[in-house]
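Structure, as structure tokens:
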Amino acid sequence: MWVVDQTEDNDHKKFYCASHGIGYQVIEDTELQGWPIRRSDVLEKPSGRKKVIVTGCFDWVSFRTYTLLREVSQLGDLYVAVGA
């Protein structure tokens, strides 16, 4: 499934998805209003620990990935950026 907002919608993407059997959905601007919700009472307070960032394309069911993330989280607050 390829999901885009109205500004990213175009015929080339629709054609690509149709020719490769991929679902295609456009999210209307009205559906995105107020997103993301940012409320100061929901935000976490800084922990004072180091920020640790791990990036990559991960297999979430892999024991190696789980072990890597668990061990790295011991070094500080873990942030994971996942690429597809």
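Odds and ends about this structure:
- Enumeration of residues in the stretch 8-51 that are within 19 Å of the chain's Cα centre (by Cα), at pLDDT below 90 and β-branched (Val, Ile, Thr): Ile27, Ile37
- Long-range neighbours under 8 Å by Cβ, at least six apart or interchain, first residue over 14 Å from Asp9 (Cβ atoms) and assigned by TED's automatic domain parsing to the domain that holds Trp2 within the stretch 22-35, second of a type outside the set (A, V, I, L, M, F, W, C) and surrounded by 10 or more Cβ atoms within 10 Å (Cβ to Cβ): Ile22/Tyr16
The values are calculated or read from the model by the stated rules, or taken from the named source; none is laboratory data. Keep in mind it's a predicted model, so treat the numbers as computed, not measured. Please note: Cβ atoms are built from the backbone with ideal geometry, for glycine as well, and neighbour counts cover all protein chains shown.
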